[in-house]
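The values are calculated or read from the model by the stated rules, or taken from the named source; none is laboratory data. Everything numeric in this text was worked out from a predicted model, so none of it was measured. Here Cβ is always computed from backbone atoms with ideal geometry, including for glycine, and neighbour counts include all displayed protein chains.
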Amino acid sequence: MFEPTDRPRVFGLAPGVDFPAGLVAGMRDRLAGQPPETIARTVLIVNSQRTRHRLRQVFDAGPPGFMPRISLVTELGHLLPGHMIPEAISPLRKRLELTKLVSGLLDADPSLAPRSSLYDLANSLAALMDEMQGEGVTADDIAALDVSDQSGHWGRAQQFIALAQQYLDQTVSTPDVETRQRRIVTDLVRNWQESPPDHPVLLAGSTGSRGTTAMLMQAIAHLPQGAVVLPGYDFEMPTGVWQDLDDETMAEDHPQYRFRALMRALDLPSAQIRPWCDTAPSSSARNALISLSLRPAPVTHAWLTEGPTLGDLREPTARMTLLEAPTPRIEAQAIAARLRVAVEEGKTAALITPDRMLTRQVTSALDRWNILPDDSAGTPLQLSPPGRFLRHVADLFGRKLDAAALLTLLKHPLTHSAADRNTHQLHTQRLEMQIRRDGLPYPDPAGLFSIANKIAGRMAEPDEFIDWANWVADTFCDMEIGDERSLSCWTEGHLALAERIAAGRSSGKASELWKQASGRTALALMETLTTEASHGGALSARDYADLLSALLSEQEVRDLEGPHPDVMIWGTLEARVQGADLVILGGLNDGSWPESPPPDPWLNRQMRLQAGLLLPERRIGLSAHDYQQAIAAPEVWLSRSIRSDEAETVPSRWLNRLENLLCGLPEQGGPDAWNEMRSRGKHWLAQVNALERIDRVPPAVRPSPRPPIAARPRALSVTEIKRLIRDPYAIYAKHTLRLRPINPLVQSPDAPVRGIVLHEIMERFISEVRADPVRLTKAVLLETSRTVLEKAAPWPAARVMWLARIERVADWFIAQERLRQAHAVPASFETVGSYKFEDLGFTLTGYADRIDRNESGEALIYDYKTGSPPSAKEQTYFDKQLLIEAAMVEEGGFADVGARPVAHAAFIGLGSKPQEVPAPLEDEPPSVVMAGLRSLVRHYFDPNQGFTARRLVKTEEAPGDYDQLARFGEWDGTTASTPEDLT
């Protein structure tokens, strides 16, 4: 294939050349006239499975012939016949063993990091050790670093890496993947030096960014029939600029830096790197423009001297579009619209971006036209149904079961998926609605059985539901585990519980859990975890859940069914060996292109430089190389959003450089070229605006429905009179439409619940005091409060807070209660009363918290409030609860009390500022109140009176249960109401 030479052979393919096709074309050109079996003896080493697959497709396309022996750079053991190198331990085992080491570090110094980051720290340490193996750096090299002038954190990290040396030493007999790879490459290089192969050996597609691969590339370049083919090599860059890349601290973020490092190692000038084939790039002029824009920062003065040599800049940018969308959503819509048009034009189109959120948005937007892109990355396993299911099940071990967690699992599509799934869903709906009605924040067997009996009592065949409820209680309740257990125990118990939940009440295990591609991937992960669990040590339930979540997040699931063959979504790695007619570089903002380097908790930049490890700029350089290759496509889009969900974004540094270069060359039409790129992008933004344009409709009116008299409420409670005055529409919605707000699934310790608990405390306490006046003490009040809270408030934090509030007002309440009981005796609690307006056919109902009776037989009415009681003026006009109750007492509406005069009525406020606010009985005597109430009710039996929404709300911000139904927000308090007669 090659003529003899004493110089290393390195070739390149320019950006914009289809790398697999160009590689095959160059091989065929060099082997023309050779026996056909020569290519079959050729060893071709590539850096990814995707590259190998694409090369096979190119060879299969013809002409007929043999194929070379294609190997991956990570699978070279077969090139060393007779060498016995132990198989590498699994990466998971290595990370589990490191997890134990990191766990010990966190136990010794909890301030280093939270336990939730245990696996992430172990993962980052494993990555560091892999890098050390790949770069030939030992733990002794790290220990020898001078950190005397560094923060104490780095000294501790240095010491911990020294502790990990023990683990590194063990890899001599059981090597990890990187150690085994370096050993294979080292032995292979030594073998080739002693006995060079007589057949061609090519290494193609690698940038040599890792030390082991760079060593292999150097060895192959020196073989008699060996050569290295570099992807995306910049033939447009002058020799002087290549020499400027020698300073790694300044130039490692340049796209061609890794190639310059290879040249230095081979003592090879840039002029001796020749094109591998005659295939021309899509646009040499564009390659020159991009090359100049990416010059290292210290030499960008070359723009002034070399810029004028680029010629007319409208030609290389003619098929470039710049899309600057206002938001990521609009960016995704515009990209999807362009991909759809590409399908109609019969073009192949690819979106390249490291921003996974953008790819999901584009995929969702394409669904409008029933286009499913071929996404190379797939979906993270943790977001797939089995991944979510396994995470939810693992959470059962780490926390007390609440209603939300229970219903989340019961509703999951994989739960009870073996048989009778429909019946299970029906039972789940019934259980949820009953929990919302009764409240069961923390389900336990007793609570579930109580609710199940209520539901079963309304069913024709209750046994089926009771059997299902028993399964729920046995399967989900009391799963919380507080102690540490071995990883083997966790995985065994987790798998057993997951399969039990998925199977439901079916005796078999034929559920849907492990089916489909995502299920099979999840099962393989769990089996691997089970196999390696013995190396994981003891973990808490929370640690195990975090470990599982981290493992699931590292796996991807691809849906291979039905993607469109001409619409692809690629990550930057996949894009290196692919080609398309249209390439869209999406998310060109700093933080995405290039991605921000992840934080390194073990070594800072200076320590990495001293040790000979890779600098953070390496990632930027590789990303820049991906950008330089992708932008050389025949037609290219450069896309970004001006704002993210939170703030203004910063354009990618490469986009900024391109803009600065073009706009700085007006003589070559640079500003015009840039504006034309923008103009083409604005055209597509206009398309999106047109696509999403809607016909505006007038806002809703402020409703004031007038239902038929027969449909208007004939009974209201005392507390609902306040609502009738302030928000009549809510009365209409509740009693005429019979709509009720659904209670939250997990009942929170809010004000209504606090009020109910407080009323129960006071009722029980005052009842005990009435039976034994000696118990009117603060100690008894607090004891009663603890007893009631323990039963009625299942929220530990809320119990402590509420008890503290009661303790703060206890002295004031006891003192006031002594005064109250000095001239009256508590007579009844939570007394039910009613009063009927016979002439109107309307019944008033209500509960009185507490009614006392004095020696004269007069009644004293009290109502407890957890917040601030209403003022006398509020009671006069709006909050008439006590005034109405007083009128009902005098009219005999409370049978337990009888008709009697009311001497006093007051709200007892037990908030942060305890106070007793009396009702204005003198200004609003019972007879006047009752007459006013009769007039109010009669008014709402007038056919011309509507139930106006939010008629007299206390504040504009005050929420109402039926605001959404009334479409509040489309109108406000200044909007006139619009009556509507209903039939």
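The criterion of at least 3 residues that are in the same structural domain as Gln668 (by TED's automatic domain parsing), surrounded by 21 or more Cβ atoms within 10 Å (Cβ to Cβ) and not acidic (Asp, Glu) is met, among helices (runs of 4 or more DSSP H) falling completely within region 299-389, by 328-345, 356-366. Taking first residues from region 428-451 that are outside the structural domain of Pro413 (by TED's automatic domain parsing) and within 15 Å of Cys477 (Cα to Cα) and partners that are exposed (fewer than 15 other Cβ atoms within 10 Å of the Cβ) and at pLDDT 90 or above, no Cβ contact under 9 Å between residues at least 6 apart in sequence or on separate chains turns up.
Against the conditions (1) surrounded by 15 or more Cβ atoms within 10 Å (Cβ to Cβ); (2) at pLDDT below 90; (3) within 22 Å of Leu410 (Cα to Cα), Ile455 satisfies every one except (2).
Taken together, Arg619, Arg680, Arg640 contain a single residue that is of a type in the set (Lys, Arg), in a strand (DSSP E or B) and assigned by TED's automatic domain parsing to the domain that holds Val583, which is Arg640. Within region 751-769, can one find any residue that is within 30 Å of Lys836 (Cα to Cα), assigned to a strand (DSSP E or B) and at pLDDT 85 or above? Within region 751-769, none of the residues are within 30 Å of Lys836 (Cα to Cα), assigned to a strand (DSSP E or B) and at pLDDT 85 or above.
Scanning region 426-448 for residues that are part of a helix (DSSP H, G or I) and surrounded by 15 or more Cβ atoms within 10 Å (Cβ to Cβ) yields His427, Thr428, Arg430, Leu431, Glu432, Gln434, Ile435, Arg436, Pro445, Gly447, Leu448.
Selection of region 7-28 for residues being among the charged types (D, E, K, R) and crowded, with 23+ Cβ neighbours inside 10 Å yields only Arg9.
Selection of first residues in region 782-805 that are in contact (Cβ under 8 Å) with a residue 40 or more places away in the chain and among the small types (Gly, Ala, Ser) and of second residues that are surrounded by 14 or more Cβ atoms within 10 Å (Cβ to Cβ) and in a helix (DSSP H, G or I), restricted to Cβ pairs under 7 Å at least 6 apart or on distinct chains, gives the following pairs, ordered by first then second residue: Ala793/Val757; Ala793/Arg799; Ala793/Trp802. In this structure, Pro698 does not satisfy being out of contact with any Ser or Thr (no Cβ under 7 Å at 6 or more places or on another chain), without any contact (Cβ under 8 Å) to a residue 24 or more places away in the chain and closer than 30 Å to Thr309 by Cα.
The residues listed here are Val757, Val774, Val780, Val800; of these, the one that is within 21 Å of Asp438 (Cβ to Cβ) and not acidic (Asp, Glu) is Val757.
Yes/no per residue for (1) part of a strand (DSSP E or B); (2) outside the structural domain of His823 (by TED's automatic domain parsing); (3) more than 25 Å from His823 (Cβ to Cβ); (4) not hydroxyl-bearing (Ser, Thr, Tyr):
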residue	(1), (2), (3), (4)
Pro869	no, no, no, yes
Thr876	no, no, yes, no
Glu885	no, no, no, yes
Val889	no, no, no, yes
Asp896	no, no, no, yes
Arg900	no, no, no, yes
Glu922	no, no, no, yes
Met930	no, no, yes, yes
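Looking only at region 560-569, decide whether some residue is in a helix (DSSP H, G or I) and either over 24 Å from the mean Cα position of the chain (by Cα) or more than 14 Å from Gly387 (Cα to Cα) (or both). No - not one qualifying residue is present in region 560-569. Any idea which of Leu548, Leu588 is under 18 Å from the mean Cα position of the chain (by Cα), crowded, with 23+ Cβ neighbours inside 10 Å and either polar (S, T, N, Q) or more than 23 Å from Arg50 (Cα to Cα) (or both)? Being under 18 Å from the mean Cα position of the chain (by Cα), crowded, with 23+ Cβ neighbours inside 10 Å and either polar (S, T, N, Q) or more than 23 Å from Arg50 (Cα to Cα) (or both) holds for just one of Leu548, Leu588, which is Leu548.
Applying the criterion of being out of contact with any Phe, Trp or Tyr (no Cβ under 7 Å at 6 or more places or on another chain) and acidic (Asp, Glu) to the residues of region 853-877, the residue that is surrounded by the fewest Cβ atoms within 10 Å (Cβ to Cβ) is Glu855. Of the numbered criteria (1) of a type in the set (Val, Ile, Thr); (2) crowded, with 19+ Cβ neighbours inside 10 Å; (3) part of a helix (DSSP H, G or I), the one Ile725 fails is (2).
Whether a residue is more than 29 Å from Val241 (Cβ to Cβ) and either in contact with a Phe, Trp or Tyr (Cβ under 9 Å, 6 or more places away or on another chain) or not in a loop (DSSP other than H, G, I, E, B) (or both) was assessed, and Arg295 does not pass this test. Among the residues of region 209-229, those that are farther than 26 Å from Leu31 by Cα and either over 45 Å from the mean Cα position of the chain (by Cα) or part of a loop (DSSP other than H, G, I, E, B) (or both) comprise Ser209, Arg210. Being assigned to a loop (DSSP other than H, G, I, E, B) and closer than 19 Å to Leu292 by Cα, is that true of even one residue in region 643-655? Taking every residue of region 643-655 in turn, at least one turns out to be assigned to a loop (DSSP other than H, G, I, E, B) and closer than 19 Å to Leu292 by Cα. Do we have Leu539 as on the phi < 0 side of the Ramachandran plot and modelled with pLDDT of 90 or more here? No.
Which residues, counting only those in region 816-827, are surrounded by fewer than 17 Cβ atoms within 10 Å (Cβ to Cβ) and either under 54 Å from the mean Cα position of the chain (by Cα) or among the acidic types (Asp, Glu) (or both)? Matches in region 816-827: Gln816 only. Pairs only if they're at least six apart or on different chains, beta carbon under 7 angstrom, first in region 619-643 and of a type in the set (Ser, Thr, Tyr), second at pLDDT below 90 and in a helix (DSSP H, G or I); list them, first residue then second. From residues that are of a type in the set (Ser, Thr, Tyr), the pairs are Ser623/Thr572. Taking the condition under 28 Å from Gly208 (Cβ atoms), in the same structural domain as Met677 (by TED's automatic domain parsing) and in a helix (DSSP H, G or I), does Gln628 pass? Here the answer is yes, as Gln628 does meet what is asked. Pairs linking a residue in region 735-746 that is farther than 15 Å from Leu407 by Cα and outside the structural domain of Ile721 (by TED's automatic domain parsing) to a residue that is modelled with pLDDT under 85 and surrounded by 13 or more Cβ atoms within 10 Å (Cβ to Cβ), with Cβ atoms under 9 Å and 6 or more positions apart or on different chains, do not occur.
Can you pull out the residues in region 29-73 that are small (Gly, Ala, Ser) and either surrounded by 20 or more Cβ atoms within 10 Å (Cβ to Cβ) or at pLDDT below 90 (or both)? Selection gives Ala32, Gly33, Ser48, Ala61, Gly62, Gly65. Of the residues making up region 687-711, those that are surrounded by 11 or more Cβ atoms within 10 Å (Cβ to Cβ) and either over 30 Å from Ala733 (Cα atoms) or hydroxyl-bearing (Ser, Thr, Tyr) (or both) are Gln687, Val688, Asn689, Leu691, Ser704. Here Glu830 meets the list (1) loosely packed, with under 15 Cβ neighbours inside 10 Å; (2) part of a helix (DSSP H, G or I) almost entirely, failing just condition (2). If you check Asp187, Asp246 for being touching a His at 6+ places or on another chain (Cβ under 9 Å) and surrounded by fewer than 17 Cβ atoms within 10 Å (Cβ to Cβ), only one passes: Asp187. For Gly493, the conditions (1) closer than 24 Å to Arg115 by Cα; (2) part of a helix (DSSP H, G or I); (3) modelled with pLDDT under 90; (4) small (Gly, Ala, Ser) are fulfilled apart from (3).
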